[in-house]
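Here is the structure we will look at.
The values are calculated or read from the model by the stated rules, or taken from the named source; none is laboratory data. Everything numeric here is computed off the predicted structure, so don't read it as measured data. FYI the Cβ positions are ideal-geometry reconstructions off the backbone, even for glycines, and counts take in every protein chain you see.
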Amino acid sequence: MLQAGLIYEVYGPALVHEQEALMNLADLAIGLYAAESAVYRTYKAILNNGEERESAKIALTRTFLQKTLWETERISRVLLVDLTEGEKREKLMASVIQACSRYQSFSLVYENRKIADRLYDKEQYVC
Amino acid sequence: MERLKDKGASFLFSSLNPEALFTPEDFTEEHQMIGATARRFAEKEVTPVNERIENQEFELIPELMKKAGDLGLLAHSIPEKYGGLGLDKISKGIVGEMIGPTGGYGVAHSNHTCIATLPITYFGTEEQKKKYLPKLASGEWIGAYCLTEPNAGSDALSAQTTAVLNEEGTHYCLNGTKIYITNAVFSDTFIVYAKVDGEHFTAFIVEKDAPGLSLGPEEKKMGIKGSSTRSVVFEDCLVSKENLLGEVGRGHVIALNVLNLGRFNLGSACVGASKFGLKRTMKFVKERRQFGKEIARFPATKQKIAWMAARIYAAESLQYRTAGLIEEALGDLNDANDHRLVGKQMGEFAVECAICKVFSSEVLDYTADEALQLHGGAGFIKEYGAEQMYRDSRINRIFEGTNEINRLLIPTYLFKKAMKGEVDLASKTKEAIARLNGSVPQTEGTFFLKKRQLKQ
Ligand SMILES: Cc1cc2nc3c(=O)[nH]c(=O)nc-3n(C[C@H](O)[C@H](O)[C@H](O)COP(=O)(O)OP(=O)(O)OC[C@H]3O[C@@H](n4cnc5c(N)ncnc54)[C@H](O)[C@@H]3O)c2cc1C
């Protein structure tokens, strides 16, 4: 929403001509919808069955979130550079980096191997 | 729009109640049953004749469609009153997914049940529905959807095909050319968009033996070879006045809204194809040995498998979430005659449908690419199948609105809402900044915080 607001603020109704920004914004929205759909699906499954039985869903969700978060941070930073300057840019940039990196501090190397082993076992996509 | 709990694009600015979210874990027995039927059909009837389909033995497609029709796999979205099953949009998504792995056949099938049939289901008159829907539901007739023209692709509403009412006032006379029309060679009905008096964008139902309708030669394509693609030419083609679909000048409501459901369904098909590709790849990497062990055992392989699976999980989750939303918007409108309300409801989740199309088609492209790569040289060789998947996948980013056009639609929709005052962008922006700076307390567990971050 921050990025959407900024674009609106900077360009007003002429924003339809700013396709570079719109494409980036679209990717943020897509990432959000996808991540939210996965997270809430997993959460709902946990509410019903408990974490242990839903460990596959949790692992898949974490792996997806990790990728999406990096992408979100990358796009947000590009947009900030395109849309703001000076002190405002510095402040917002720091906030975005801080906010995103709070959740990038976990390693999934081991978890990803486990995801693959579980799928090999079933010989098809399962969750 | 008080009738809806959820509003279009609301995921951008409000939080979600997990209870209201539809997930594959919520499938009913009926959902499982139609899924099993569709899967069996794809595996037992279509896959065994894949090579003949790839060789463009086009007579096979109508035969297979007839079999699909007998099993109810064309009828899920058509009301019972007109020979259909009247099932929900979840079922539509499930059938779409199961048919997804069947390449060219799948495109023919989905094109028929979605964009070629839905215009009549939702915007037809009683007579039109009675005449066409039972035949389209059973597979006796096959449909095509004719929007694209040589000079009107992404800018579809700039169509140059014209329709003029004859002097007797009985028929419209159509002139123009449509290109890249799926199913053209075996279609009985064509949904055609033309401008009445060169001005008013309007939809028509044209039957294949209408005088003045002819087909161009078969296009030579990169993939989905089993689906026919031809131009459809109208030269003083006479179409009875009764075959006007909807209202004169309101064809765009049909064309664009039907595409919303088409895009959702395309996403479902991509999820099905991705799962199939992953399965085939796992089988391969478990058999193929290099450096003294199965290539499946290499950590780099495992990481690729995990990344494919994680993306598929997200795609599957957002597809069925969207299915739930569309069902909520349209569930009770299967046989509605208030076409304006239908149009409005179909358009409500345009953003979500665009995301289904873009995200799932790109997951499929990613999966197809990695599947081929993990096959090594065999991936490049026809008999292993990865090559066909790779070629077939590519079209999904192009048709039903290119992914660029669909991307542009997403923020534009939000800004339109803001301009209409339906969303208070300024205060939402302030709120986002406050959250970013941590001045809004976050009390949920870490699993949730991750999602929060994305929302900002
Ligand atoms: C196999 C196949 C089957 C098809 N089946 C059907 C069918 O059954 N019925 C039917 O009606 N059509 C069908 N189509 C047509 C298809 O929907 C169009 O090809 C598609 O919508 C793109 O239009 P175009 O080819 O004219 O590309 P163009 O519109 O010329 O686009 C070319 C490039 O420019 C980009 N572009 C265009 N406008 C903009 C813009 N405003 N901003 C930024 N970028 C832009 C596009 O994203 C694309 O990358 C089919 C096509 C194929 C290949």
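For the stretch B:367-396: of the residues being within 14 Å of chain A (Cβ to nearest Cβ) and not aliphatic (A, V, I, L, M), which is farthest from the ligand (Cβ to nearest atom)?
Among them, the one singled out is B:Glu370.
Restrict the check to the stretch A:19-38 and report whether at least one residue is surrounded by fewer than 22 Cβ atoms within 10 Å (Cβ to Cβ) and touching a residue at least 60 places away in the same chain (Cβ under 8 Å).
Checking the stretch A:19-38: at least one residue is surrounded by fewer than 22 Cβ atoms within 10 Å (Cβ to Cβ) and touching a residue at least 60 places away in the same chain (Cβ under 8 Å).
Among the residues of the stretch B:171-184, is any touching a helix residue (DSSP H, G or I) at 6+ places or on another chain (Cβ under 6 Å) and within 15 Å of the ligand (Cβ to nearest atom)?
There is at least one residue in the stretch B:171-184 that is touching a helix residue (DSSP H, G or I) at 6+ places or on another chain (Cβ under 6 Å) and within 15 Å of the ligand (Cβ to nearest atom).
(1) at pLDDT 95 or above; (2) more than 9 Å from the ligand (Cβ to nearest atom); (3) at negative phi: which one isn't true of B:Glu219, the others all being true?
(2)
Return the pair list, or none, for Cβ contacts closer than 8 Å from residues in the stretch B:128-157 that are within 14 Å of another protein chain (Cβ to nearest Cβ) to residues that are among the hydroxyl-bearing types (Ser, Thr, Tyr) and near the ligand (Cβ under 7 Å from one of its atoms), at least 6 apart or on different chains.
Final answer for the pair search is B:Ser154/B:Thr402.
How many residues are of a type in the set (A, V, I, L, M) and outside any helix (DSSP H, G or I) when one looks only at the stretch B:315-340?
Matching residues across the stretch B:315-340 total 1.
Would you check which residues across the stretch B:260-295 are out of contact with any Cys (no Cβ under 8 Å at 6 or more places or on another chain) and within 30 Å of B:Phe201 (Cβ to Cβ) and list them?
B:Ala269, B:Cys270
Pick out the one residue from B:Gly100, B:Gly169, B:Gly143, B:Gly106 that is more than 25 Å from B:Glu59 (Cα to Cα) and at pLDDT 95 or above.
Exactly one of B:Gly100, B:Gly169, B:Gly143, B:Gly106 is more than 25 Å from B:Glu59 (Cα to Cα) and at pLDDT 95 or above, namely B:Gly169.
Evaluate the following for B:Glu126: is it away from the ligand (no atom under 16 Å from the Cβ), in contact with a Ser or Thr (Cβ under 6 Å, 6 or more places away or on another chain) and at pLDDT 95 or above?
So B:Glu126 does not fit the description; no.
Name the single residue that is modelled with the highest pLDDT among those in the stretch B:5-22 being within 15 Å of B:Glu352 (Cα to Cα) and among the hydroxyl-bearing types (Ser, Thr, Tyr).
Per the criteria, the residue is B:Ser10.
Only one residue in B:Ala273, B:Ala296, B:Ala210, B:Ala300 is of a type in the set (A, V, I, L, M, F, W, C) and either within 15 Å of the ligand (Cβ to nearest atom) or away from chain A (no Cβ under 14 Å) (or both). Which one?
Of B:Ala273, B:Ala296, B:Ala210, B:Ala300, the one residue that is of a type in the set (A, V, I, L, M, F, W, C) and either within 15 Å of the ligand (Cβ to nearest atom) or away from chain A (no Cβ under 14 Å) (or both) is B:Ala210.
Could you pull out the residue among B:Gly153, B:Gly104 that is of a type outside the set (S, T, N, Q) and touching a helix residue (DSSP H, G or I) at 6+ places or on another chain (Cβ under 7 Å)?
On inspection, the qualifying residue turns out to be B:Gly104.
Being acidic (Asp, Glu), out of contact with any Phe, Trp or Tyr (no Cβ under 6 Å at 6 or more places or on another chain), within 14 Å of chain A (Cβ to nearest Cβ) and away from the ligand (no atom under 16 Å from the Cβ) narrows it down to one residue among B:Glu97, B:Glu80, B:Glu63; which is it?
B:Glu97
So in the stretch B:397-415, with the set limited to residues that are part of a helix (DSSP H, G or I) and more than 10 Å from every other protein chain (Cβ to nearest Cβ), which one is farthest from the ligand (Cβ to nearest atom)?
Quick first cut of the stretch B:397-415, residues part of a helix (DSSP H, G or I) only: B:397, B:403-415.
The next check asks that each one be more than 10 Å from every other protein chain (Cβ to nearest Cβ); those that pass are B:397, B:405.
Numbers: B:Arg397: 9, B:Ile405: 5 Å.
Going through the qualifying residues, I end up with B:Arg397.
Looking only at the stretch A:85-127, filter to residues that are assigned to a loop (DSSP other than H, G, I, E, B) and at pLDDT 85 or above; which one of those is farthest from the other protein chains (Cβ to nearest Cβ)?
Of everything passing the filter in the stretch A:85-127, A:Glu85 is farthest from the other protein chains (Cβ to nearest Cβ).
When you go through (1) surrounded by fewer than 24 Cβ atoms within 10 Å (Cβ to Cβ); (2) among the β-branched types (Val, Ile, Thr); (3) part of a helix (DSSP H, G or I); (4) free of Cβ contacts under 8 Å to residues at least 60 places away in the same chain one by one for B:Ile312, which number turns out not to apply?
With (1) surrounded by fewer than 24 Cβ atoms within 10 Å (Cβ to Cβ); (2) among the β-branched types (Val, Ile, Thr); (3) part of a helix (DSSP H, G or I); (4) free of Cβ contacts under 8 Å to residues at least 60 places away in the same chain applied to B:Ile312, the lone miss is (1).
Looking at the stretch B:150-170 only, could you name the residues that are among the charged types (D, E, K, R) and more than 8 Å from the ligand (Cβ to nearest atom)?
If the condition is that a residue be among the charged types (D, E, K, R) and more than 8 Å from the ligand (Cβ to nearest atom), then B:Glu167, B:Glu168 are the ones that fit.
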